[in-house]
Amino acid sequence: MGSCHWILLFVSLLGLLRGLEASAGDADPIYKACLEQCEKSGCVGEKCFQHCKFSSDGKPIDGPWYLQEPLYLKWKQWDCRGDCRYHCMLVREEERMKLGDKPVKYHGKWPFQRVYGIQEPVSVALSALNLAIQFHGWISFFILVYYKLPLRPNKKTYYEYTGLWHIYAMLSMNSWFWSAVFHSRDVELTEKLDYSSAVALIGFSLILAILRAFSVRDEAATVMVAAPLLAFVTTHIMYLNFYKLDYGLNMKVCLAMGVAQLLIWAVWARASNHPSRWKLWAVVVGGALALLLEIYDFPPYKGFVDAHALWHATTIPLAYLWWSFVRDDAEFRTSSLLKKTK
Ligand SMILES: [Zn+2]
């Protein structure tokens with residue numbers, strides 16, 4: 001397929017985004033009323049939650065001093081809200097199912113069945129696997145550039161992008177860690193940490209794509225590319241955390257940055273004669289297909305496996321191939337630099 005076809009595909013993908021807006025479930029008045037009632041009484045139907053026992057001024061009724069600490073109280077409030085959301089959702093979904101309605105999303109997520117208090121066990125397990133793959137990829141890259149390939153006289157690597165890949169590894173492991181935490185327990189704090197880490201990772205990998213594909217090496221040009229993007233990503237993260245956690249907007253920002261880097265890699269793989277460009281191609285095609293899973297989002301099968309969980313599954317082989325490309329790139333650059341110096 002020519003690159004024009006690719007651009008068309010991506011543009012049509014972006015067009016689909018317009019259909020994605022805030023969740024229908026939490027806009028439902030019956031659900032809203034249930035939530036309000038629950039946060040006041042601490043109960044949904046017969047079920048009552050320990051964490052929801054507050055007096056009228058928001059302080060707990062009794063307990064030792066450490067249970068009166070503001071941070072603990074905040075956590076308790078989050079836990080109470082989480083339990084209320086979960087049980088109101090279950091009740092509402094059951095009513096809806098009886099009426100023959102299809103499942104709807106609540107606060108950006110499909111209705112899931114908890115297992116031992118873990119909200120999305122499949123996504124948690126897959127996030128942990130992703131974290132392991134990223135760690136493996138980074139360690140093997142580390143060993144390659146510092147121990148297997150020759151080093152410069154000043155003990156630095158010949159490969160110019162070593163530092164950038166280290167940062168990439170840290171950001172991606174950080175992001176998978178918070179992804180696992182968030183899918184275990186969805187409260188405001190874990191949600192913000194997960195979204196922020198993901199935005200940081202996607203933003204940084206866009207910078208990395210530009211720097212590598214355009215072979216940007218001198219400091220001034222690097223700053224010119226990185227500074228505006230870093231500023232944008234930082235502003236977006238601050239907006240999500242301190243102003244409004246806007247799912248629709250965040251989805252658009254992440255997809256725009258994601259599609260931009262896929263395009264950059266795709267065009268570069270076509271234009272360059274990199275020996276491992278097939279790996280790039282595979283990751284780009286796989287990444288685009290994986291994006292489809294995020295876009296054609298379907299509700300969880302039996303309350304467990306949804307499109308998002310599958311998406312986390314596809315990123316495992318992609319990450320493996322990706323680090324393999326990074327190692328090839330380090331070898332390729334090192335050998336061509338050595339040829340030049342000889
Ligand atoms: Zn996730």
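The values are calculated or read from the model by the stated rules, or taken from the named source; none is laboratory data. All of these numbers come straight from a predicted model, not from anything done at the bench. Glycine gets a Cβ as well: all are built from the backbone with ideal geometry, and neighbour counts include every protein chain shown.
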Inset, instruction - Could you pull out the residue among Ser140, Ser172 that is polar (S, T, N, Q), within 16 Å of the ligand (Cβ to nearest atom) and surrounded by 13 or more Cβ atoms within 10 Å (Cβ to Cβ)? - result: Ser172
Legend entry - Among residues of the stretch 15-31, those that are surrounded by 14 or more Cβ atoms within 10 Å (Cβ to Cβ) and either outside any loop (DSSP other than H, G, I, E, B) or modelled with pLDDT of 80 or more (or both), counted: 5
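Based on what the data block shows, is Pro275 more than 16 Å from the ligand (Cβ to nearest atom), surrounded by fewer than 18 Cβ atoms within 10 Å (Cβ to Cβ) and at pLDDT 95 or above?
Details: more than 16 Å from the ligand (Cβ to nearest atom): yes; surrounded by fewer than 18 Cβ atoms within 10 Å (Cβ to Cβ): yes; at pLDDT 95 or above: no.
No.
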Inset, instruction - Just name the residue that is nearest to the ligand (Cβ to nearest atom) out of those in the stretch 94-114 that are touching a residue at least 40 places away in the same chain (Cβ under 8 Å) and outside any loop (DSSP other than H, G, I, E, B). - result: Lys109
Inset, instruction - Considering every residue within the stretch 63-71, establish whether at least one is in a helix (DSSP H, G or I), at pLDDT 70 or above, among the aliphatic types (A, V, I, L, M) and more than 28 Å from the chain's Cα centre (by Cα). - result: no
Legend entry - Residue ID - surrounded by the most Cβ atoms within 10 Å (Cβ to Cβ), chosen from residues in the stretch 115-132 that are within 15 Å of the ligand (Cβ to nearest atom) and of a type in the set (A, V, I, L, M, F, W, C): Leu126
Inset, instruction - Name, by its number, the condition in (1) away from the ligand (no atom under 16 Å from the Cβ); (2) within 18 Å of Met170 (Cβ to Cβ); (3) without any contact (Cβ under 8 Å) to a residue 60 or more places away in the chain; (4) not polar (S, T, N, Q) that does not hold for Arg212. - result: (3)
Inset, instruction - Go through the residues of the stretch 293-312 one by one and say whether even a single one is surrounded by 20 or more Cβ atoms within 10 Å (Cβ to Cβ), among the hydrophobic types (A, V, I, L, M, F, W, C), closer than 30 Å to Lys192 by Cα and within 16 Å of the ligand (Cβ to nearest atom). - result: yes
